[in-house]
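I have placed the structure first, in the form of C-alpha cells, so that the comments after it can refer back to it.
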2 protein chains.
Amino acid sequence: MLRRTTRDIRRANRIDVLRRVYAFGQASRQDIARHCELSFATIANVVNDLLGCGALVEADFQDSGGGRPRAVLTPNTARGLLVGVDIAETYVHVDLFDLALKAKHTSEHPIGPETNQPQEVADHVAQALDTLLAECGASRTDVLGVGVSVPGQVDPDKGVSVFAPGWDWHDVPFLSVLRRRIDLPVYLDNPLMASTVAELWLGAGREVDNLVCITVGTGVGAGIAINGSLYRGTNNAAGEWGHSVVVFDGRSCRCGSRGCVEAYVGAPGVMRTLMEVDRSSPLYHDGDQTACIEALGAVHGDPAATETIKRTAGHLGAGVANLINILNPEAVVVGSWAGLALGPRLLPELREVVAAHALARSNSAVQLRLCDIPGNPVSLGAAIFALEGFLDEALTRPASRTKR
Amino acid sequence: MLRRTTRDIRRANRIDVLRRVYAFGQASRQDIARHCELSFATIANVVNDLLGCGALVEADFQDSGGGRPRAVLTPNTARGLLVGVDIAETYVHVDLFDLALKAKHTSEHPIGPETNQPQEVADHVAQALDTLLAECGASRTDVLGVGVSVPGQVDPDKGVSVFAPGWDWHDVPFLSVLRRRIDLPVYLDNPLMASTVAELWLGAGREVDNLVCITVGTGVGAGIAINGSLYRGTNNAAGEWGHSVVVFDGRSCRCGSRGCVEAYVGAPGVMRTLMEVDRSSPLYHDGDQTACIEALGAVHGDPAATETIKRTAGHLGAGVANLINILNPEAVVVGSWAGLALGPRLLPELREVVAAHALARSNSAVQLRLCDIPGNPVSLGAAIFALEGFLDEALTRPASRTKR
C-alpha cells in the first residue's frame, strides 16, 4: 500500500528541511531553498512549524546584500534533551544529546552474557540515563525522547525485538519493557537502520540522497537510503547484505546459509582468513576480536596481515560491487568498528576490486568512503529517531491526520 | 537532490490512480480510494484531469446501494494509439496498443548482425509502424506516443543509448535518430526498465508496491520498483543484478568480471552447464540457444536436463535470495524468454534454494512467481512510458511547473 498522505508528505518535507539545517549547523530559509527542491513557501511553512514547537530558533541575522537581513536558523539547544542508546551484545552505550545532536554526556557499561534478559537490559538503560541526567543537572522531564537500538531484527512500529540471535530473543516486546522502566517516549530500532539515518543526516547524506551505509563489525549489513529516506523494505528487514552469497557453497555462516559476505568480512571471518594464511600469526591475539582486528589494521610490513587484508578486500569488494550494480547509489560508506579499524588499509585495494567488478557507468557515479561521523553513529541515529518521533507528536494536528 | 515538487507529486498521484484503473480494467473513484491512500479529493482531481485530456472516460454507472450511482472509469480506447517497440539484437518487435494497453496489431522483423546501425534500426521501426497503422486503417496522427526499448544502458532523459554491447553502440543519440525518421513523441529506455514498469502496472504490481522483476534471457537483470515507482538509481543503471557475483572467482562473464549471476543463469550460461554435465547431450541442439533452452524446459526424465536445472536453480536461487535479503520486497517475479521457458521446471527447486539462503523474516514476506503478463512485456512497458510521457505533456500546465 502506498503511503503518500498529507501527513507523510509533511513529515518528509520536515526531514528535508531539518537535514539541511543539521548538515550546515545553521542555515537561513534561503540556504535551505538552495539545497532542496521544495518551494520557498513550503520551506517557510515547515520552518514556522519547527519554530512553533521550539525545535529551531532564529539565532542570528545574515546580511543579504542590501535587502532585509535574513534570519539564521539553528537547532534550539535550550528546548530539551534527546537520548540515544546503543545496546550491543557486550555493552550498553547511552548518549545524552542536545537538540543540535551534540553528545553532551556519554556512558558505556559492559554487559556480560549472563545479563541478557529484557528486564535487566532495560534496568541498565534506566540507570545509565539517570546517572547522565544527574551529571548535567537535568531531570527526566527535560528529555524529549529516547531512541534505542537493539541488535538483530526489529519491528519498530510494534516496538518488538523480533529476533536477536546473540541473546536468543524471539518476539520480545522490548519497547513496553523499556517504557515501564523509564516512562518517556521511547523508539525502538536496530543498529543498521540507526547508523544509516545518522549517515543520512550527518554523514554522506549532507551531499547525496541515495546512499548505502555498510556496517562491518562482528555482523555485517548495508543500510539503504533512497531519495533522502531510509529504505526499510516490506517488514524492516532490508539491508541484510551481510547474508548475501558471494562465494557459492563457501564458508558456513551463522545464518545457516553458506558463502555469505559476513562469513568473510565480519570480524570472525577476517580472523579465520588470518588463520588460513598463517596459523601461528601472533596478530590473532588468541582469538581476541578487538585486539586482532586492530592489530591487522595498524601493522605494516607483516606478510600474513597483508595477505589477509588482500583477501578481505577481495570478498568485500565483490559484495560492494554487487550493491553498486544492483542499487546504482551515489555513495557507499563503510563504517562500524571493524570497518573503521581496517578501513585505511583496506580502502585502496577495495577500490580496485570494486572497479574490476562494478559496471563502469555505476562505478563512475559512486563515491566509496569511510564513515567520518564522530562518536557512536548508532546512538546518534537512535537519537534522530527520537527527534523524528518527538516532532511527529508535536506537529501532528488533528486536521493533518486526514488523507490528502 | 530530492525531487518532490508539485509536478512530481501530481505525476505520482496520477500514476497511482491510473495503475488502479488498469489493474481492474475499470474502476469507480470509490474503488480507487479503497486501493490507494490518496484522499478522495485528490483522486477526484486526478480523475478530472484524466477525463479532461481524454485518457479516461466514464463508461458506465454502478449501483451504490441506494446512493447516487457511481461512474465507472475506463481507459478511453477512442482517444488514440500508443506504440511499444522492443528492439533486441535479433529482432524489432512493434506493438500498436489502444489506450487500454491492449495490443491491437503486432509485427516482428528479424534483424541480422549486419543491420545494426542506428539509422537502419530506426528505418525498421518506421516501416513496421507504417505497416501496422495501415493494417488498422489509422495514421501517424492517431499515435499519442512511441515508447522504444533498446538493449543495454540508456539515458532516458537525454535519449541516448549509452552502451549497447551487442552492437558496440557507445553514446548513440538514438532518440533524435528515431524522431527524424518518425516525427512523433518518442521515449527511449531499456528492456529491464520497460518490463519492470509493465510488471508494476499489469503484473504483480496490481497487488504490491515493492517488487523485483527478474529478467532471464541471454542477459540477466533485476528491475526494482519501490513504493509503486520504478527505481532507476543515480544514472538509470540500477538493477544490474545479472552482474552481481555469486561465485567468487567463478566463470568469466562478458562484463569483464567473474562469477556473475548471468554467467550461470543467462541462456549461454545454462547451456554451458549442460555441456559440463553431459558434453554429448542432444538437448544442446548444436548451440541453438532457443532450441536448447526450450528443450531443457520441456523434457522430463532426462538426467542431464535434471542436473542442469538443479544447478541453475542453485545459482539463480542464491542470487534471488541475495535480492530478497538486500531489498526485502513483497514480490519477486521471474520473466523473459529463458526464465519463462525454464520456469515451470525451475520454480519448485528455486523456492527451496531461496528458503535455504534467505533470512526467514524476509522470505516470509515475499511471493516468488513467474511473470504472467501476456504478449511482450518489454513493448508493453515501452508503451506505458509513452502513455506517461503523453500525460506529462498534456497535463503539465505552466502553473504547475513551479516548485511546491
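The values are calculated or read from the model by the stated rules, or taken from the named source; none is laboratory data. Quick caveat, the model's predicted, so the values are computed rather than measured. Please note: Cβ atoms are built from the backbone with ideal geometry, for glycine as well, and neighbour counts cover all protein chains shown. With ligands, DNA and RNA removed, areas are computed over all heavy atoms of the protein, side chains included. Shrake-Rupley method; radii C 1.70, N 1.55, O 1.52, S 1.80 Å.
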- Item | Hits in the stretch A:358-375 - residues which are open to solvent by less than 30 Å² (accessible area, probe 1.4 Å) and touching a residue at least 40 places away in the same chain (Cβ under 8 Å) | A:V366, A:L368, A:C371, A:I373
- Say whether the condition of being at pLDDT 95 or above, outside any loop (DSSP other than H, G, I, E, B) and buried (at least 21 other Cβ atoms within 10 Å of the Cβ) is met by at least one residue in the stretch B:99-107. no
- Considering (1) of a type in the set (A, V, I, L, M); (2) open to solvent by less than 30 Å² (accessible area, probe 1.4 Å); (3) farther than 30 Å from A:I226 by Cβ, say which one A:A134 fails and leave the rest. (2)
- Yes/no for B:V261 being farther than 25 Å from B:S195 by Cβ and either of a type in the set (V, I, T) or at pLDDT below 95 (or both): no
- Filter the stretch B:26-53 down to the residues that are open to solvent by 40 Å² or more (accessible area, probe 1.4 Å) and assigned to a loop (DSSP other than H, G, I, E, B), then identify the one that is nearest to the other protein chains (Cβ to nearest Cβ). B:E37
- Query: Of all the residues that make up the stretch A:33-54, how many are touching a residue at least 24 places away in the same chain (Cβ under 8 Å) and closer than 19 Å to A:N210 by Cα?
  - Reply: 1
- Exactly one of A:E330, A:E352 is charged (D, E, K, R), within 21 Å of A:G205 (Cβ to Cβ) and open to solvent by 10 Å² or more (accessible area, probe 1.4 Å), and that residue is A:E330
- Task: Quick one: count up the residues across the stretch B:113-146 that are more than 16 Å from B:R179 (Cβ to Cβ) and not in a helix (DSSP H, G or I).
- Result: 9
- Message: One residue is enough: does the stretch A:286-300 have a residue meeting the conditions crowded, with 22+ Cβ neighbours inside 10 Å and among the hydroxyl-bearing types (S, T, Y)?
- Response: no
- Identify, please: which residue in the stretch A:239-250 is in a loop (DSSP other than H, G, I, E, B) and open to solvent by 20 Å² or more (accessible area, probe 1.4 Å) and is, among those, farthest from the other protein chains (Cβ to nearest Cβ)? A:D249
- Item | Residue that is least open to solvent (accessible area, probe 1.4 Å) [pool: residues in the stretch A:172-211 that are farther than 30 Å from B:G233 by Cβ and assigned to a loop (DSSP other than H, G, I, E, B)] | A:L184
- Taking the stretch B:255-285, which residues are open to solvent by 30 Å² or more (accessible area, probe 1.4 Å) and within 23 Å of the chain's Cα centre (by Cα)? B:C255, B:P268
- Among the residues of the stretch B:212-235, write down those that are on the phi > 0 side of the Ramachandran plot and crowded, with 22+ Cβ neighbours inside 10 Å. B:G233
- Pick from A:D86, A:D123: which is over 30 Å from A:V47 (Cα atoms) and more than 23 Å from the chain's Cα centre (by Cα)? A:D123
- Query: Just to be sure, is A:R311 open to solvent by 60 Å² or more (accessible area, probe 1.4 Å) and part of a helix (DSSP H, G or I)?
  - Reply: yes
- Answer yes if at least one residue in the stretch A:263-272 is at the interface with chain B (Cβ under 8 Å from one of its Cβ atoms) and outside any strand (DSSP E or B), and no otherwise. no
- Task: Filter the stretch B:320-375 down to residues that are of a type outside the set (G, A, S), in a loop (DSSP other than H, G, I, E, B) and closer than 23 Å to A:T234 by Cβ and give me whichever is nearest to the other protein chains (Cβ to nearest Cβ).
- Result: B:N328
